[in-house]
Amino acid sequence: MSTFALMLRLPMFSALLFSTIACSAQNGPVIATGAMRNTMFNGQLAGLIQLDSIAKPGTYGIGPMEYLRGEVLLLDGVVFVSEVEKELGMQVVQRTEVRAPFFVHQRVTEWTTVQIPDSVVDLPTLDGFLTARFAQSGEPFAFRIGGVIPSVDVHIVDVPMGSEVNGPDDAHQHNKDYHLEDRTMDLVGFFSTKHKAVFTHHDTNIHVHAITAEGDWMGHVEQVRFSPSSVQLQIATIR
């Protein structure tokens, strides 16, 4: 090939290379494995996804441990498992050898900081804000809130081994509840208007887990209070 012909091809090659790099840098899709409804109403408790298969840097996800024996959080590729030990209470460990009956995750390469209005101070107002702002896009996404959280209540599912689950009451009657105040932590959540009873409850568009900065306290968020001026909200960039 002549030098002139090669030079003609270089811009095309460069454009293709740039396009490939740009595409590879985009956030991955939100992926749901299993469904909350199948676990809570049909007793599908066995794990459908092994966390070591997705525990890569940049990946975020939440769900319960198989057989509803604890909570799972995938934070930037690190798997945190929160379980209840009879004498010690909540115990949080890092391990990838864990499975979940339903789970939602996303590979995030780009976060966008979103200004939180002063009126957004808890889960219901956060849900309302995200719905009003992003529902029209139709795209589910991961989000993070980081900072000092004045008050948060979480639960850990703790269904006794061998129990049957034929409805939410069977699962939630064994929940262990925990409260924490004035700690620096991350709230990791997923937003969607299309996944009720898949990875959000039937009456909300968000599902959130909380973890302290030290990684020693984690669970499924039931209630939270925060000051918009003291935290930062980031969403997985929507293109």
The one condition in (1) part of a loop (DSSP other than H, G, I, E, B); (2) charged (D, E, K, R); (3) within 25 Å of residue 197 (Cβ to Cβ) that residue 118 fails to fulfil: (3)
Selected residue (only one of 104, 81, 92 is free of Cβ contacts under 8 Å to residues at least 40 places away in the same chain and either closer than 21 Å to residue 156 by Cβ or touching a His at 6+ places or on another chain (Cβ under 9 Å) (or both)): 81
Lone unmet requirement of (1) crowded, with 21+ Cβ neighbours inside 10 Å; (2) in contact with a Leu (Cβ under 7 Å, 6 or more places away or on another chain); (3) within 23 Å of residue 90 (Cβ to Cβ) for residue 156: (2)
Test result for residue 9, more than 15 Å from the chain's Cα centre (by Cα), part of a helix (DSSP H, G or I) and modelled with pLDDT of 90 or more: no
Selection within the range 80-98 - in a loop (DSSP other than H, G, I, E, B) and β-branched (Val, Ile, Thr): 96, 98
Candidate set: the range 221-239, residues that are modelled with pLDDT under 95 and either surrounded by 14 or more Cβ atoms within 10 Å (Cβ to Cβ) or not polar (S, T, N, Q) (or both); chosen: the one nearest to the chain's Cα centre (by Cα): 238
So residue 159, is it hydrophobic (A, V, I, L, M, F, W, C) and either modelled with pLDDT of 95 or more or under 23 Å from residue 105 (Cα atoms) (or both): no
Residues that are closer than 12 Å to residue 39 by Cβ and among the small types (Gly, Ala, Ser), drawn from the range 149-173: 167, 171
Within the range 193-220, considering residues that are among the hydroxyl-bearing types (Ser, Thr, Tyr) and not in a loop (DSSP other than H, G, I, E, B), the one modelled with the lowest pLDDT: 200
Residue within the range 92-105 that is of a type in the set (Lys, Arg) and under 20 Å from residue 195 (Cβ atoms) present: no
Residue match in the range 58-68 (condition: assigned to a loop (DSSP other than H, G, I, E, B), touching a residue at least 24 places away in the same chain (Cβ under 8 Å), touching a Lys or Arg at 6+ places or on another chain (Cβ under 7 Å) and within 25 Å of residue 27 (Cα to Cα)): yes
Criterion violated by residue 113 - all others in (1) in contact (Cβ under 8 Å) with a residue 40 or more places away in the chain; (2) over 15 Å from the mean Cα position of the chain (by Cα); (3) part of a loop (DSSP other than H, G, I, E, B) satisfied: (3)
Cβ pairs under 7 Å, 6+ apart, first in the range 122-133 and modelled with pLDDT of 95 or more and among the β-branched types (Val, Ile, Thr), second in a loop (DSSP other than H, G, I, E, B) and surrounded by fewer than 17 Cβ atoms within 10 Å (Cβ to Cβ): 125/119; 131/193
Residue among 72, 93 that is surrounded by 20 or more Cβ atoms within 10 Å (Cβ to Cβ) and either over 16 Å from the mean Cα position of the chain (by Cα) or at negative phi (or both): 72
Residue match in the range 112-129 (condition: hydrophobic (A, V, I, L, M, F, W, C), more than 23 Å from residue 225 (Cβ to Cβ) and in contact with a strand residue (DSSP E or B) (Cβ under 9 Å, 6 or more places away or on another chain)): no
Residue check for residue 168: within 27 Å of residue 31 (Cβ to Cβ) and surrounded by 20 or more Cβ atoms within 10 Å (Cβ to Cβ): no
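The values are calculated or read from the model by the stated rules, or taken from the named source; none is laboratory data. The model shown is predicted, which means the values in this text are computed figures rather than measured ones. Every residue, glycine as well, gets a Cβ built from its backbone with ideal geometry; the counts of neighbours run over all protein chains shown.
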